[in-house]
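See below for the structure under consideration.
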Amino acid sequence: MPHEFSRPYRLLPRFALSGLAVLGMLTTLTGCGDEESNSVSFAPSCPLTHIPPEAADYYVYDGKTPTFPHLVTRASILKLQGDCLAAGRKDLQTRIALRFVVNRGMAARDGTVNLPWFIAVLHGDKIVNKHVFHHTFQFPANLSSFTTDTHVVTVDLPIPPKNTESDYRFEVGFQLTKEQLDYNETHLKKPAYQAY
């Protein structure tokens with residue numbers, strides 16, 4: 001569950017945030033590695049990436065009741081995209097970006113939107129690292145719905161970048177409060193996002 005990812009864990013993978021916010025620069029999460037020689041080389045396999053359905057939507061209400069007239073912001077993950085490449089002989093580099101669709105609610109007063117989202121790295125069944133990012137932007141005044149892309153996040157894993165599956169996997173989604181998570185679980189619908 002996303003709210004269980006808030007405990008501190010020993011850091012193994014490394015996270016970095018680039019200034020790029022263009023999903024079109026990334027391929028799908030099947031890999032896109034550099035060739036190390038003139039011979040044909042295979043792209044390294046990316047770790048399995050999963051978006052829990054209960055962490056795919058983000059609702060903010062004005063503190064009164066969770067009903068349509070009191071909705072401030074609703075955001076959903078539309079697309080997850082990325083690639084993998086070698087970062088030396090002993091490191092695998094994965095780049096991840098998300099695309100959100102954001103709706104302005106009737107109770108919205110400020111045009112600033114802050115969407116917290118996370119990447120958790122699991123090795124086997126153990127969470128070995130987690131980082132929370134904040135995608136902040138100004139909602140265009142003349143729009144009620146807006147699509148926006150996050151910056152590209154780079155995760156370096158301490159594994160040889162071979163074309164074989166690893167024991168690492170990623171969980172990606174919105175960082176939710178317990179109340180938001182409970183709301184999503186109660187109102188769970190079919191996810192609209194695309195994941196590769």
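The values are calculated or read from the model by the stated rules, or taken from the named source; none is laboratory data. All of these numbers come straight from a predicted model, not from anything done at the bench. Heads up, the Cβs are rebuilt from the backbone with ideal geometry, glycines too, and the neighbour counts pull from every protein chain shown. For accessibility, only protein heavy atoms count, side chains too; no ligands or nucleic acids. Shrake-Rupley method; radii C 1.70, N 1.55, O 1.52, S 1.80 Å.
Structure notes:
- For segment 40-196, the solvent-accessible area works out to 49 Å² per residue, with a probe of 1.4 Å and every protein chain left in place.
- Gain upon complete extension [LYS90, ASP167; 0.36 nm per residue less C-alpha separation]: 26.2 nm
- Portion, in percent, of the accessible area of segment 84-180 that falls on carbon or sulfur, probe 1.4 Å: 48
- Extension gain from THR112 to THR65, taking 0.36 nm per residue of separation minus the Cα-Cα distance: 14.8 nm
- Nitroxide proxy distance, nm - points 7 Å out along Cα→Cβ at HIS151 and THR136: 1.2
- Classification of segment 105-174 by its C-alpha gyration tensor yields a prolate form. The axis ratio a/c (a ≥ b ≥ c) is 1.5 or more, and a/b outweighs b/c.
- In segment 47-150, lysine pairs with alpha-carbon atoms under 27 angstrom apart (chain gap of 8 or more, or interchain): 4
- Extending 7 Å from Cα along the Cβ direction at VAL101 and again at ASP125 yields two label points whose distance is 3.7 nm.
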